Amino acid sequence: MNVLSEEHKLTIKAIREFVDQYVRPKARSIDKGEYPRQLLRQLGKMNLLASTLPQDVGGAGADTLTHILIVEELARASPSLATIMEVQSSMLAENLYHNGNKVHREEVVPKLASGEAVGAFTLSEPCCGSDAAAIVTRAEKRGGEWVINGTKTWITSGLYADYFLLFARTGSLEARHKAITAFLLRRSNCIETTPIEVMGVRGTGTAEVKLNDCRAGDDDVVGEVNGGWKIAMWGINMGRLNVGTIGLGIAEEAFYEAYSYAKKRVAFGKTIAEFQVIQHYLAEMYARVEMLRSFIYSTAKMKDSGDPNFPLYAQVAKLMGSRTAVDVVRLAVQIQGGYGYSKDSHLEMLYRDAKATEIYEGANEIILNTIYKFMREKIA
Ligand SMILES: Cc1cc2nc3c(=O)[nH]c(=O)nc-3n(C[C@H](O)[C@H](O)[C@H](O)COP(=O)(O)OP(=O)(O)OC[C@H]3O[C@@H](n4cnc5c(N)ncnc54)[C@H](O)[C@@H]3O)c2cc1C
């Protein structure tokens, strides 16, 4: 694509080499539950884990499109690793760099960007995922410190996190998002984590996180007291572009796997790629992948140019990226027939992983609500 500079092309080359050498051989063991901590450290060493951050805190001073290209390539081989990476970079490290205090920026961000420490974005609760403004985990001021109690669920990297960017209620339930504060908590004995078995994006350390009288100081508040919603949304808008990109990586990989299989598999005396129905499936898959790529890359550029439509386009990227992933990988499995349904096929894993992109970082029904809200403001 002509939006890619020579530097972008070099990034693609470097990350593809990394993925082929280190990620592809590990993808199935990650899918079986192995948390890829070493791969995070390797990405950190290459300054590719949180690449948009400045070099002095462990980034590469890169643009958002570079970050997106890295997420896309990781997702082709292991959507689990791409998921962990995007949470750690966009929702934690970059969020803390832009919205945290001096200690967060100078001490915690470099550890997250290097992969030395693991971070978890800790918002959803058993009561409330879509309706996150109704969370009930409480932080109460007692004797000059905050005391936090509650239960979080579905937390990516929760099982292994050293730092939790945690959202808790600091006012009335009726005040909804206006009474939520963000805290950065270090793992300690007051935090109890229990693994949750999931269908796809396995090996991401998904966990329930219980907070039992956790103590925090005012310095552990990220942003303003009762200003946590802004911190959550800062992470989530970029997160949604990331999830659309994970969808792009999954769809792209599924298309190439199915195309290569169709050209080799023989039935009724010819390759299945010679049947028009298979050609149409492949053409449809290709068209959807390329359309999505174009949209995702231009949305990444909008972020850096400060385009006010970025939040709207990030939602569209999430919606269309996740749908494309699910639809394209479904057709790809169909093209591989019985093999596509077996554990020997990479597509079997991608099919399960794709489904998660329609749910996490906002279920698609919520994304549609948000698109409608933005759209209504834009089109008077
Ligand atoms: C693999 C995985 C990883 C995750 N990682 C994290 C993480 O790191 N951090 C974190 O905080 N959370 C995480 N989540 C949680 C995720 O964000 C929530 O699952 C998601 O927001 C949906 O919330 P819920 O599961 O409570 O579903 P619910 O809110 O109960 O929704 C159930 C269904 O009802 C629909 N629905 C709800 N309200 C409306 C409405 N107003 N209009 C129309 N439809 C509606 C939803 O769209 C959905 O289809 C993760 C989830 C998964 C599956």
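For the stretch 230-378, report the % of Cα-Cα distances exceeding 20 Å. Mind showing how you got there, number by number?
Numbers: 5595 of 11026 pairs.
The answer is 51 percent, as a whole percent.
Packing-wise, with mean Cβ within 10 Å as the measure, how do 312-322, 43-53 rank, highest first?
Details: 312-322: 25.5, 43-53: 23.0.
Averaged packing, sorted descending, gives the order 312-322, 43-53.
Please compute the Cα-Cα pair-distance distribution of the stretch 28-170 with 10 Å bins starting at 0, giving whole percents from short to long.
12, 38, 33, 15, 2, 0
Would you work out what percent of the accessible area of the chain, with all protein chains in place, is carbon or sulfur (probe 1.4 Å)? Provide the component values of the computation, followed by the final result.
Numbers: 8630 of 16500 Å².
Its accessible area is 52 percent carbon and sulfur atoms.
Can you send over the solvent-accessible area of residue 176, 1.4 Å probe, protein chains only, in Å² to the nearest 10?
Accessible surface of residue 176 is approximately 100 Å².
So what are the ³J(HN,Hα) numbers for the stretch 310-320, from phi and the Karplus equation (6.51, -1.76, 1.60; θ = phi - 60°), rounded to whole Hz, Gly and Pro as x?
3, x, 5, 5, 5, 5, 5, 4, 5, 4, 6
What is the projected area of the convex hull of the Cα atoms of the stretch 276-329, averaged over all directions, in nm²? Working shown, then result.
Details: hull surface 14.1 nm².
Mean shadow area of the hull around the Cα atoms is 3.5 nm².
Using bins 20 angstrom wide from zero, how does P(r) for the chain break down, in % of all Cα pairs?
With a bin width of 20 Å, the distribution comes to 29, 57, 13, 1, 0.
Any of 9/301; 178/378; 318/355 with alpha carbons more than 18 Å apart? Name them for me.
On the way: 9/301 16 Å; 178/378 25 Å; 318/355 13 Å.
Over 18 Å Cα-Cα: 178/378.
Against the longest principal axis of the chain, how steep is helix 346-357, in degrees 0 to 90 to the nearest 10, with axes from Cα atoms?
40 degrees
Each residue of the stretch 207-217 in turn: what ³J(HN,Hα) in whole Hz from Karplus with 6.51, -1.76, 1.60 and θ = phi - 60°, glycine and Pro shown as x?
8, 8, 10, 9, 10, 10, 6, 6, 9, 9, x
Using the alpha-carbon centroid of each, what span in Å lies between the stretch 288-335 and the stretch 153-193?
Each part's Cα centre sits 29 Å from the other's.
Where Lys and Arg each count +1 and Asp and Glu each count -1, what net charge lies around residue 359 among other residues with Cβ under 13 Å from its Cβ?
Details: positive: 240, 318, 323, 352, 355; negative: 353, 358, 361, 365.
Taking every Cβ under 13 Å from that of residue 359, the sum is +1.
Please compute the alpha carbon radius of gyration of the stretch 121-180, then divide it by the globular-protein estimate 2.2 N^0.38 Å. Two decimals is fine.
Details: Rg = 11.8 Å, N = 60, 2.2 N^0.38 = 10.4 Å.
For the stretch 121-180, the normalised Cα radius of gyration comes out at 1.13.
The values are calculated or read from the model by the stated rules, or taken from the named source; none is laboratory data. Fair warning: this is a prediction, and the values are worked out from it, not measured in the lab. Every residue, glycine as well, gets a Cβ built from its backbone with ideal geometry; the counts of neighbours run over all protein chains shown. The protein model used for the area step is the full one, side chains on, heavy atoms only, and it has no ligands, DNA or RNA in it. Shrake-Rupley method; radii C 1.70, N 1.55, O 1.52, S 1.80 Å.
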